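Step one of this worksheet: look at the structure below.
The values are calculated or read from the model by the stated rules, or taken from the named source; none is laboratory data. Note that the structure is a prediction, hence the values are computed from the model and not measured. Because the Cβ atoms are built from the backbone with ideal geometry, glycine has one as well, and the counts that use them run over all protein chains shown. Areas reflect the complete protein model, heavy atoms only, side chains present, ligands, DNA and RNA absent. Shrake-Rupley method; radii C 1.70, N 1.55, O 1.52, S 1.80 Å.
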Amino acid sequence: MRYDLAIVGAGILGLGHALAASRRGLKVVVIDREAEAIGASVRNFGFVTVTGQQQGDCYRRAMRSRDVWEEVAPKAGIPVEHQGLLVVAQRPEAMACLEAFVRTEMGQGCYILTAEQTMAQHGGVLSGRPIQGALWSSHERRVESRFAIPKLAAWIERLGVTFLRKTLVKEVQQGRVLTTSGVVEATQVVVCPGDDMLTLYPQVIARHQITRCRLHMMKVMPAKPIKLPGSIMSDQSLVRYLGYAELPDSEPIKARLRAEQPRTLAEGIHLIVVQGADGGLIVGDSHHYDWSPSPFQRAEVDDLIMDELHQVLNVPGAQITERWNGTYASGPETMMRETIDDQTRLVIVTSGTGASTSFAIGEETIAEIYGRA
Ligand SMILES: Cc1cc2nc3c(=O)[nH]c(=O)nc-3n(C[C@H](O)[C@H](O)[C@H](O)COP(=O)(O)OP(=O)(O)OC[C@H]3O[C@@H](n4cnc5c(N)ncnc54)[C@H](O)[C@@H]3O)c2cc1C
């Protein structure tokens, strides 16, 4: 069997390419070494984030990908667990940064809530500790990745895409894909290997200065049921998310957090909380950069994340029911797309934004190969 396009990797980036290609009527095969997705794409928050993404391409890709999620989720039988984002400002410097953010072009679809408005609308879920106000964004969507990614793959398969699982791609030779299950012939090949930095094109990956980022994640069950209005973030996110952090107005909150929370910042911690259908909260995260990430998960990092959770949300007695970590490829750019030869491209999301941007990246690569639709 000869294919128009072979895609290496069945994470969200490979699936984003497969969807865009199948919509062009191409004969597509997706090849993955695992029996099912176990990488970053199922370990993340399933938080399709627009507000806070870096101004420019990343923000634009997030907006487009959000629209694709919105369109395909019902078709693929994927529930959208909640919509929108509440960034709770605990410090005046954070509030000033959020106010500056909504004045930028990225502020469309966002508005500021005063402390009183925030408490009136969302006080039931908040801890009751003093706040300065909040930003509400209507753009975000949240899917439960561990269920959403298999459902998305199954739906794409029903569209006519072939999946070869438990198959490692050892080498790509201009349209000949050498795998542990034999040779797959394809006119074009797109390699989406996630954070596998050695199997294919290690020199190219090294040239992009890519390493790994490891994150601590937890599932937390509140003792009393609560219903989040959307995804939740807090002051520390203004340091990590480039849409805020690149604004000059973020300098005062950065300086204050460096003084007040040096350990939290050193562990790369900021708070993201999203909710699933069973009421459980997915809570994270931390950021540790290492080519070979330590497999040992320090409890103090989880404790710092949980401290921030209790600062922001009213969840006394909440129990941690699951802990895991995940890794993603990390580099100086938010993503890389490299033409290896006229039949082969390597595409990697090199920041923690793949759940939010992969559909758009897939469309761009397919347009680059086959021309605009
Ligand atoms: C804990 C955590 C939280 C995150 N939170 C968010 C978030 O809130 N919002 C957001 O937008 N992003 C988030 N991200 C980032 C996002 O999950 C990643 O950017 C995205 O999943 C990367 O997708 P991928 O398909 O490139 O990689 P992966 O999901 O890792 O998939 C790569 C696939 O390629 C396969 N593969 C690799 N090499 C080969 C080979 N040679 N042969 C066969 N198969 C191969 C692997 O088996 C794997 O299945 C988070 C990531 C983590 C880890």
- Query: Which pairs have Cβ atoms under 7 Å, sit 6 or more apart or on different chains, and link a residue in the range 314-328 that is basic (Lys, Arg) to one that is assigned to a loop (DSSP other than H, G, I, E, B) and open to solvent by 50 Å² or more (accessible area, probe 1.4 Å)?
  - Reply: ARG323/GLN297
- Message: Here's a check for you: in the range 145-187, which residue that is open to solvent by less than 70 Å² (accessible area, probe 1.4 Å) and assigned to a loop (DSSP other than H, G, I, E, B) is nearest to the ligand (Cβ to nearest atom)?
- Response: LEU168
- Note on the structure: Scanning the range 258-279 residue by residue, the ones that are surrounded by fewer than 22 Cβ atoms within 10 Å (Cβ to Cβ) and either under 22 Å from ALA89 (Cβ atoms) or within 16 Å of the ligand (Cβ to nearest atom) (or both) total 11
- Message: Out of ILE366, ILE305, ILE361, I need the residue that is at pLDDT 95 or above, within 16 Å of the ligand (Cβ to nearest atom) and under 30 Å from PRO130 (Cα atoms). Which one?
- Response: ILE305
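Quick check on my filter: what residues within the range 45-75 are farther than 27 Å from ARG103 by Cβ, out of contact with any Asp or Glu (no Cβ under 9 Å at 6 or more places or on another chain) and surrounded by fewer than 21 Cβ atoms within 10 Å (Cβ to Cβ)?
GLU71, VAL72, ALA73, PRO74, LYS75
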